[in-house]
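Notes follow once the structure below has been shown.
Read-outs throughout are calculated quantities, based only on the coordinates presented, and are distinct from any laboratory measurement. These numbers were taken from a predicted model, which means no experiment stands behind them. Glycine gets a Cβ as well: all are built from the backbone with ideal geometry, and neighbour counts include every protein chain shown.
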Amino acid sequence: MKIGLKTISALACTLCVSVAVGGSAYAGPDDSSLIIEGQNIATDVKAPEGSAFDQLYSGWRFRATETQSLQEDDFENPAFVAVDQAIEEFHNVDGSAGKSCADCHSDVSDFKDVRASLPRWNAKTNKPETLENIINECRTERMGAKAWKWESTQMLGMTALVGLQSRGSAVNVQTDGPMAEWFERGKKLYYTRVGQLDMSCAHCHENNFGTMIRADHLSQGQVNGFPVYRLKWQGLGSIHRRFKGCMDNIRAKPYKRGSDEFIALELYVASRGAGLSVETPSVRN
């Protein structure tokens, strides 16, 4: 059966209306507390001035008890297989310079609090840089090694390992100065309707967080836990993979991982979670 644009638009309107008027059951964040290895992880904080929310909630608070429990124990957290592999990679010599990560960074703990402030401004490239950018700059400029692909096993493991050093630190990204233009660019992308379903990020993660839509529980779309192990993926995935998935879901043409558009969006979305603890690597549905 051939479906015309009018039919698609009607379906899109039906979806938006059903969510907006509460056509799906509301089940807000639970009241669980996240403690990992004796460390209290802030999964809800008072929203900063100017926020669209009164209270910020980590996506962990919207997950089923069984999923939450996986993140509460590093031994049970499936992402730690990749973390262990990254520890070995950290000491592996690669590239024409004959160096490993450990030759410049005596210990991975050198990266404490780095993840909490990313993306950050890079004066050399005159644009914000993500953790993936930083890792690949080290590989190409200091090690003489090939850059890793954004979603490669090595990159995901290393971003999980480096991000883990900031676990418990409060998200605090710069949004003023040279970052202001990129912040505004990301904000515009967040609120722009795209795709055949004519929806924006805000339709799900701002206007309807807490809503049960089919089998999924909509969160505020916070990115404080990435890279994240999703049970659906059976592995780790980056923030940009999640952005792409959302755009696919609303029948929009996604931007490329590592694109200026997704970097700007990452900055803006990270800023919306200011004060929440870094949870890397987190576990989600």
Region 59-126 shape via C-alpha gyration tensor axes, a/c threshold 1.5: oblate
Between the helical axis of 260-271 and the dominant principal axis of the chain, each derived from Cα atoms, what acute angle in degrees is found, rounded to the nearest 10? 80 degrees
Quick note on 169, 277, ordering by fewest other C-beta atoms within 10 Å, gives 169, 277
With r defined as the distance between the Cβ atoms of residue 141 and residue 180 and R0 fixed at 30 Å, what FRET efficiency is calculated, to the nearest 0.05? 0.65
Taking a ≥ b ≥ c as the square roots of the eigenvalues of the Cα gyration tensor of region 42-95, is the shape rounded (a/c under 1.5), prolate (a/b larger than b/c) or oblate? oblate
Taking 7 Å along the Cα-to-C-beta vector as the label spot, tell me the residue 76-residue 253 distance in nanometres, rounded to one decimal. 4.5 nm
With each label point set 7 Å from Cα along the Cα-Cβ vector, what nm distance links residue 105 and residue 27? 3.8 nm
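Give me the percent relative contact order of region 80-164, please, defined on Cα pairs under 8 angstrom at least 6 residues apart.
Reported as a whole number, the value is 39 percent.
List the trypsin sites (Lys or Arg not before Pro) within region 71-163 that fall in a DSSP loop (any state other than H, G, I, E or B) and whose Cβ has at most 11 other Cβ atoms within 10 Å. Before the final figure, lay out each step's value.
Numbers: sites: 99, 112, 115, 120, 124, 139, 142, 146, 149; in loops: 112, 124, 146, 149.
Taking region 71-163 and a limit of 11 other Cβ atoms within 10 Å, the loop trypsin sites (Lys or Arg not before Pro) found are 124, 146.
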Order of 91, 240, 205 under a 10 Å beta carbon neighbour criterion, fewest first: 91, 205, 240
Do any chymotrypsin sites (Phe, Trp or Tyr not before Pro) in region 64-171 lie in a loop, going by DSSP, with at most 13 other beta-carbon atoms within 10 Å of their beta carbon, and if so which? 75
Could you work out the longest stretch of the chain that avoids the GluC sites (Glu not before Pro) located in DSSP loops with at most 12 other Cβ atoms within 10 Å? 77-285
Please give, to one decimal in nm, the separation of the simple spin-label points placed at residue 149 and residue 214, each 7 Å out from Cα toward the Cβ. 2.7 nm
Which of the lysines could a cross-linker bridge to residue 187, judged by Cα under 25 Å and excluding same-chain residues fewer than eight apart? 46, 124, 127, 244, 253, 256
